[in-house]
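Have a look at the structure below, then the notes.
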Amino acid sequence: MGRPRILILGGTSEARLLAEALAARDDCNVLLSLAGRTEKPAAQPVPVRIGGFGGAAALANFLKAGGYDLLIDATHPFAERISANAAFAAETTGIAAIALRRPEWQRVAGDRWQEVQSIPAAIEGLGPLPRRVLLATGRQGAHHAEAAPQHHYLVRSVDPVEPPLALDNVDYVLDRGPFTLEGECDLLRQHDIDVIVAKNSGGLATYAKIEAARLLGIEVMMVARTPASIVKAVETVEAALAAIGHLFPPAMKRGV
Ligand code: NAP
């Protein structure tokens, strides 16, 4: 076999770090796929393609046509559709697949979490009385806040929420992680936030708001992940590299 061809479904810092590590080994061909959601994507260490494939069957065709040997689903833990498509494509083509999923955050002493199953459930769980909410779940689910207009929302996202929410009491802050504890404490205090709606994304880049909430005694409506796919899953870039080395020993040995 020639150099293994690897397709990484990305859009996360883990995907970028994995691509960087594989590029440095120089014994495989890597293509990184991004959805094209953010207006200014970060620079990447390997060739990139941008945009959806057109569904699960189209992803399967892309893998076959490109002669790929391995599919790595390193998308965000809440990017559920693409992960389901990846599992389907791997199963129907028989191409090896690995999911790289950072572990969930675990509740520690001092955390005031209410675990909920979805963003709508989190919004409903805010209750009938007006509250001051940091909505930190990203722009795609932000419109669910319209179901509870009695609250004041501070909506944080990488790109603007379009169209803006049909709410009177809403402010927007455009920012992308990594966030610092100090910065998050300032933001929560400045806006007098008393509850945060967050996804259990895991990882360090967006964990500071959880620490800040703990320090300030602020409640968190924590949206849980849906169960992971059937694809073999690893939790770290190192574990992914080990799994890849295991899959392609002869080709990869030269590069190590
Ligand atoms: P999603 O709902 O699971 O996927 C929706 C559609 O977008 C997919 O069906 C696919 O289109 C396309 N798509 C998604 N990721 C892709 C990729 N890496 N390469 C090519 N096409 C992709 O995904 P999402 O939640 O919108 O997330 C989109 C991207 O943002 C992902 O790359 C993800 O890693 C990143 N991201 C998501 C979150 C989050 O909270 N959801 C947070 C940070 C980063 P087709 O069916 O046409 O192929």
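Mind sorting 152, 76, 246 by how few other Cβ atoms lie within 10 Å of their own Cβ, fewest first? Walk me through the intermediate numbers first.
Values: 152 18, 76 21, 246 9.
With the fewest neighbours first, 152, 76, 246 line up as 246, 152, 76.
Is the shape of the range 122-191 rounded, prolate or oblate, going by the alpha carbon gyration tensor and its root eigenvalues a ≥ b ≥ c, with a/c under 1.5 for rounded and a/b larger than b/c for prolate? Cα axes put the range 122-191 in the oblate bin. Taking every lysine pair in the chain that is 8 or more places apart or spans two chains, those with Cα atoms closer than 27 Å amount to 7.
The three principal axes of the Cα atoms in the chain give end-to-end lengths of 63, 35, 31 Å, sorted in falling order.
Please work out how much length the chain gains when fully extended from residue 92 to residue 49, using 0.36 nm per residue of separation minus the C-alpha to C-alpha distance, in nm with one decimal. Intermediate values should be presented prior to the final figure.
Details: separation 43, 0.36 × 43 = 15.48 nm, distance 2.24 nm.
Between residue 92 and residue 49, full extension yields 13.2 nm more.
With +1 on the Cβ of every Lys and Arg and -1 on the Cβ of every Asp and Glu, and nothing else charged, how large is the dipole of the chain about its Cα centre, in debye rounded to the nearest 20? The partial results should precede the final answer.
Details: 26 positive and 28 negative charges, 173 e Å.
Computed about the Cα centre, the dipole is about 840 debye.
Using unit Cβ charges (K, R positive; D, E negative) and no other charged atoms, how large, in debye to the nearest 20, is the dipole of the range 10-146 about its Cα centre? It would help to have the intermediate numbers written out before the result.
Details: 14 positive and 14 negative charges, 79 e Å.
With Lys and Arg at +1 and Asp and Glu at -1, about 380 debye.
Compared with the dominant principal axis of the Cα atoms in the chain, helix 237-247 is inclined by about 30°. Note on residue 115 and residue 233: the extension gain reaches 40.1 nm, defined as 0.36 nm multiplied by sequence separation minus the Cα-Cα distance. In order along the range 190-199, the Karplus-derived 3J(HN,Hα) couplings, from 6.51 cos²θ - 1.76 cosθ + 1.60 at θ = phi - 60°, round to 4, 9, 6, 5, 10, 7, 10, 9, 9, 9 Hz, and Gly and Pro are given as x. Summed over qualifying helices (DSSP H, 4 residues or more, each -39500 (n - 2.57)) and divided by its residue number, the chain shows a 222 nm mean residue ellipticity of -9000 deg cm²/dmol.
Taking amide hydrogens as placed 1.01 Å from N in the peptide plane, the amide H of residue 30 sits under 5 Å from those of 6, each at least 5 positions away in sequence or on another chain.
Amide H contacts under 5 Å for residue 170: 153, restricted to partners 5 or more places along the chain or on a different chain, H placed in the peptide plane at 1.01 Å from N. Taking the longest Cα principal axis of the chain as reference, the axis of helix 13-25 is set at about 20 degrees. Annotation: amide H of residue 141 has no partner in the under-5 Å range at sequence separation 5 or more or interchain, hydrogens built in the peptide plane.
Here the Karplus relation 6.51 cos²θ - 1.76 cosθ + 1.60, evaluated at θ = phi - 60°, turns the backbone of the range 149-166 into coupling constants of x, 6, 8, 9, 10, 10, 9, 10, 8, 6, 10, x, 6, 10, x, x, 5, 7 Hz, with x for every Gly and Pro.
For the chain, relative contact order (Cα pairs under 8 Å, six or more residues apart, normalised by length) works out to 22 percent.
Once you order the gyration tensor axes a ≥ b ≥ c over the Cα atoms, which shape class does the range 1-96 get: rounded for a/c under 1.5, otherwise prolate or oblate by comparing a/b with b/c? Since a/c reaches 1.5 but b/c is at least a/b, the shape of the range 1-96 is classed as oblate.
Bear in mind these aren't lab numbers, they're just calculated from the coordinates by the rules spelled out. Note that this is a predicted model, so its numbers are computed, not measured. Ideal geometry is used to build each Cβ from the backbone, glycine not excepted, and the neighbour counts take in all protein chains shown.
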